[in-house]
Each structure stands twice: as structure tokens, then as C-alpha cells.
1. Tally the residues that are open to solvent by 10 Å² or more (accessible area, probe 1.4 Å), farther than 24 Å from Glu46 by Cβ and in contact (Cβ under 8 Å) with a residue 60 or more places away in the chain, restricting the search to the range 200-226.
2. Report yes if Ala266 is under 12 Å from Phe27 (Cβ atoms) and open to solvent by less than 10 Å² (accessible area, probe 1.4 Å), otherwise no.
3. Hey, does the range 279-286 have a residue that's in a helix (DSSP H, G or I), free of Cβ contacts under 8 Å to residues at least 60 places away in the same chain, surrounded by 13 or more Cβ atoms within 10 Å (Cβ to Cβ) and not hydroxyl-bearing (Ser, Thr, Tyr)?
4. Considering only residues that are open to solvent by 50 Å² or more (accessible area, probe 1.4 Å), closer than 27 Å to Leu244 by Cα and in a helix (DSSP H, G or I), which ones fall in the range 68-80?
5. Residue pairs, Cβ under 8 Å, 6 or more apart or interchain, first in the range 305-329 and without any contact (Cβ under 8 Å) to a residue 60 or more places away in the chain, second surrounded by 12 or more Cβ atoms within 10 Å (Cβ to Cβ) and assigned to a helix (DSSP H, G or I). List them.
6. Please determine, by comparing only the residues of the range 1-47 that are among the aliphatic types (A, V, I, L, M) and in a strand (DSSP E or B), which one is modelled with the lowest pLDDT.
Amino acid sequence: MAILGMSVVTLAMFVGFGLLIGTLFGFFGMGGSFLVTPALLVMGYEPKVAVGSGLAFVFGTSVIGALRHRNHGQVDYKLALIMTIAMTLGIEGGKYVVLFLEEAGISGIVISVAYVGLLAAVGLLTLRDARSTDDGEVSFDLSETVQSIEIPPMVELTGGVRVSAVIIFAVGLAIGVLSGFLGVGGGFLLMPAMMYGLGVPAAVAVGTDILQITISGAFGAFTYARTGSIALPVVVSLLAGSALGARVGAGATKLVDEDDIKGYFAAMLLAGSVAVASKKLSTAYGIEVLQTVSIALIFGAAVLVSGAVVFSAVQELRDESSARTATAD
């Protein structure tokens, strides 16, 4: 029996994957395309379809999470507005890069290599920061230098941060180009940029990221939809699962320690990097076991990290409940 043009097993797999990604999205502020796009590449979808479907999923799932984070007061609207305008312009440019590479017949290898490099670099940077904070060492942070650059107009952001609007726009434009090129909402780049580059608190970076992704993701999805590069049944089934997951993940950000957020974030990015690398090696050298490894990493990482997020949140709730009980006694 086929539903939405897919077998029941395939449909259930995408719904389950959407649930996991929704949890991760609500927790990290990323639309999930940083996992969806490489997953579709691993499963054999054309690069432009993987990219377009990833952006379409970004839009749908970000609407859910944005409303949830707004309720928690974790959104800076001025920052989101500037980033949205800049990234929207950048995404349009990134789309033409993908179409150009596709005509040249090298889009698959270029997009995959770019994924491996960016996911690994950002993942290692975030992991280093989380571990150095635990060890009492000075963590990587450019925010003081960036905030010291006085280029009018200056903008006051949540958390006592004061940054040049010109710098914010430049960062958003660069991330937008990469978003349109890689088929991601920009979360795995934008979140670190706001934390380490602008000095925005992690929880606010997550909420603001999601609000921005809602708008830029819609524009990116529309851009690819015009070229027929979206697998609608895949997107619909993913969104069905992510609706619940996004609410769970957003609630967890109020409970889990900031350094733990960074650690989980790094784990997801590094897993995605290794998965895409394994897929390309499998294709290049005919090593079938690496194909299995890549799929296991994509889905396994989503299961383990989303499970860890939920467990950490539940554990924190239990600790708070025990503390209140002890105080009452």
C-alpha cells in the first residue's frame, strides 16, 4: 500500500525522522535541513531536490518553533529583522551557484565537500568551546572585538549586547549565500555566529535564529519550488513528525545547561560531516559498507542526541522537583 507515493515503511521512517529533527530543531534553533539535505543525498535524491526539500522543511518546522520560543521570551526582533533581510538576499545568490554547478555536472561533489568542511569546522569549534568552558579555560569568542567596532548605526540587542547593524547585515548576507548554496536554513552557521561573533546569549540565539529561519526558509523554499526541485511527499511526512518534536525541544532549552546545548550541537554537526564523507567515499570507491555507515550516522545521531536532550530536560525537572520537596520539608 502506498501513501503520498511512498510505501508505509518509508512514510513511517520519514515521520519518525521528522519527530527527531523537530526535537533537535526546537532545542538548537536549526530547521533540520543540516540533517535532511545530507540524508536525502545519502538516499540518492538529486542534489537540487535534496536542497529544495531541505529548505521547504525548514519553513514548515520553523513556524512551530518560533511561536514556542516567543512564549519563552527568547527572541530578539531587531536582530531577526536585519538577519532576515540580509539572508534573503544571500539565498537568491546561493541558488544560482547551485544551478550553475549542476549544469557543469559537479553540484553533488561540491555540495557534499562543502557540507563536510563546514559541519566539521563548526562542530569542532563548538565542541572546543564547550569543553574549554568546563575546564575553566578561555573559550573562543570574537564578540568583544566585534562589539568594539563602532560603525553606525549601532543596535542594542537582548542581553546588553551593542553591535553595528552593518556588521550584522554582512554576517547575515554571507550566511544567506551559504544557505542557498547548501540548502540549509543557516541555523548551524547562524547560531554560532550570533553566540561567538555577536555575543548573544545561547537561548536568545536559538529563539532569534528560529524566527529568522521562518522567513528566509519560506523564501528559499519558494525559490526552489519554482524550478520543481521539492519532493513534496517527503516534506509533508517530515513535517507531520516535527510538529510535536519542535514543542518538546523548545521547552528543553529552558531546562538544559548552556554548555550542554553546545556539546549536543557539536555532536550533531560532526556526525553529519562524517556521514556525508562516508557517502562520497562509498560512491567513489564502491565500498558499500560506507553507504550503510552514512545512513546509520544520520539517523543514529538524531536518535541519540534527541534522546539525550529529552533525558537531560527530564532529569533537570526531577532535580527541581526534589529541591522543592526538600525545601517544603
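1. Counting residues in the range 200-226 that are open to solvent by 10 Å² or more (accessible area, probe 1.4 Å), farther than 24 Å from Glu46 by Cβ and in contact (Cβ under 8 Å) with a residue 60 or more places away in the chain gives 5.
2. Here the answer is no, as Ala266 does not meet what is asked.
3. Yes; the residues of the range 279-286 include at least one that is in a helix (DSSP H, G or I), free of Cβ contacts under 8 Å to residues at least 60 places away in the same chain, surrounded by 13 or more Cβ atoms within 10 Å (Cβ to Cβ) and not hydroxyl-bearing (Ser, Thr, Tyr).
4. Within the range 68-80, Arg68, Arg70, Asn71, Tyr77 qualify.
5. Between residues of the range 305-329 that are without any contact (Cβ under 8 Å) to a residue 60 or more places away in the chain and residues that are surrounded by 12 or more Cβ atoms within 10 Å (Cβ to Cβ) and assigned to a helix (DSSP H, G or I), the close pairs are Ala308/Tyr264.
6. Per the criteria, the residue is Ala2.
Residues are listed down the side, and each one gets a yes or a no for (1) open to solvent by 20 Å² or more (accessible area, probe 1.4 Å); (2) among the hydroxyl-bearing types (Ser, Thr, Tyr); (3) at pLDDT 80 or above; (4) part of a helix (DSSP H, G or I):
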residue	(1), (2), (3), (4)
Leu89	yes, no, yes, yes
Tyr96	yes, yes, yes, yes
Leu99	yes, no, yes, yes
Ile109	yes, no, no, yes
Ser112	no, yes, no, yes
Ala121	yes, no, yes, yes
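Residue-wise test of (1) open to solvent by 70 Å² or more (accessible area, probe 1.4 Å); (2) farther than 29 Å from Ile109 by Cβ; (3) outside any helix (DSSP H, G or I); (4) of a type in the set (Ser, Thr, Tyr).
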site	(1), (2), (3), (4)
Ala277	no, no, no, no
Ser294	no, no, no, yes
Val305	no, no, no, no
Ser312	no, yes, no, yes
Arg324	yes, yes, no, no
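The values are calculated or read from the model by the stated rules, or taken from the named source; none is laboratory data. Keep in mind that what you see is a predicted model, and the values were worked out from it rather than measured. For neighbour counting, all protein chains shown are included, and Cβ atoms are generated from backbone atoms with ideal geometry for every residue, glycine included. For accessibility, only protein heavy atoms count, side chains too; no ligands or nucleic acids. Shrake-Rupley method; radii C 1.70, N 1.55, O 1.52, S 1.80 Å.
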